[in-house]
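Written below as structure tokens is the structure these notes are about.
The numbers here are math on the coordinates, done by the rules we state, and not lab data. Not measured: the values here are computed from a predicted model. Cβ atoms come from the backbone with ideal geometry, glycine included; neighbour counts cover every protein chain shown.
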Amino acid sequence: MAEQSYYQNPELWAAHHFLTPAEALRFQQCADLIPSTTTTLLDVGCGNGAFLAYLEARKSTMTLLGIERSEAARQAAVCRAPVQPGSIDALPSADRAHDLVAAMEVIEHLPYQVYEQSLAELERVAAKHILISVPYRERRSQIICPYCNCRFDSNYHMRRFDEIVMQQLFRTFRLKQFQLVYVDDYWFAPVLRAGYRVISRNRDFPATAQCPQCGFVGRSAANTTSAALPARARGGLKARLKSRLPTYKRANWIVALYERS
Ligand SMILES: [Zn+2]
């Protein structure tokens, strides 16, 4: 239940999350992987349609369609392409209905058995290609629910991806091409993040978080650490800190194109 209502939080779909330079780079690398022969594209779990809007801005001639389970996400749609209700584990499409089926930042969120069923569904409705984008070798941070003390991943990520996992993702599609997407990170980030977790005692509850065990939501709670420091001030502090620290390129995502074998 918490798993479904987590995605109903409008804060998750706010356009600003998808307008960062890093997201634009990921979109670009995904778009570059799309074969030129593609005429129809289905974006599964398209969220607010940010990738579809990106393709539209690039004057894509493909027929675009989005499918999204969360009503809050559909209501926040930023694309012109239609976004239909539907769930990745039971797609409302005929077999091989779309040239290319994309699932971007989706499959890392899928629970036990839904994951296996969903990969089979992508294979069923894709005629030629599948495009996948997931976090790369993610170091997942855990927070503690202030209500029930359950420790969990605030992004609802349920697995970790590397080249080997990506190679073995599908039964009837083979990995054709993949790329890592690099973002700027600062050298001391892991130390700072660990320090911050100690200070906040893992109880800094982001506005997008929801406890999977008891359903606690932090977004309106006045007793969270994040409420104590306004988001803008924290963002500004972070930006100032970042600008003074030496940075390096860190592989943040892996994007991959699969071809029917
Ligand atoms: Zn809880």
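Roughly what % of DSSP beta bridges within the chain run antiparallel, to the nearest 5?
Bridges in the chain that DSSP calls antiparallel: roughly 55 percent.
What is the helix-to-structure angle for 114-125, meaning the angle in degrees between its Cα long axis and the longest Cα principal axis of the chain, kept from 0 to 90 and rounded to the nearest 10?
Long axis of 114-125 versus the principal axis of the chain: about 30 degrees.
Which order do the peptides 140-148, 114-122, 192-200 come out in when sorted by mean C-beta neighbours inside 10 angstrom, highest first?
With the highest mean Cβ count within 10 Å placed first, the list reads 114-122, 140-148, 192-200.
What angle, in degrees between 0 and 90 and rounded to the nearest 10, separates the Cα long axis of helix 189-199 from the longest principal axis of the Cα atoms of the chain?
Approximately 50 degrees, to the nearest 10.
Output needed for the chain: three equivalent-ellipsoid semi-axes, defined as square roots of 5 times the C-alpha gyration tensor eigenvalues, in descending order, whole Å.
32, 21, 18
What's the angle, to the nearest 10 degrees (0 to 90), between helix 21-33's Cα axis and the longest principal axis of the chain?
Computed tilt is about 20 degrees.
Which links in 128/249; 176/238; 176/249 stretch past 29 Å when you go from one Cα to the other?
128/249; 176/238
Using only Cα positions of the stretch 1-86, each an equal point scatterer, no hydration layer, compute I(q)/I(0) via Debye at q = 0.10, 0.22, 0.26 Å⁻¹ and quote the log10 values to two decimals.
-0.25, -1.07, -1.34
Taking K and R as +1 and D and E as -1, what net charge do the other residues with C-beta under 11 Å from the C-beta of residue 203 add up to?
Within the 11 Å Cβ shell, the charges total +2.
From the helices alone, meaning DSSP H stretches of at least four residues, give me the mean residue ellipticity at 222 nm for the chain, per-run term -39500 (n - 2.57), in deg cm²/dmol to the nearest 500.
-8000 deg cm²/dmol
Considering only the stretch 1-116, what is the antiparallel percent among its DSSP beta bridges, to the nearest 5?
Bridges in the stretch 1-116 that DSSP calls antiparallel: roughly 10 percent.
With an 8 Å Cα cut-off and a minimum separation of 6 or more residues, compute the relative contact order for the stretch 2-260 in percent.
Reported relative contact order: 21 percent.
What net charge do the residues around residue 7 carry, taking every other residue with its C-beta under 10 Å from that of residue 7, with Lys and Arg at +1 and Asp and Glu at -1?
Residues close to residue 7 contribute a combined charge of -2.
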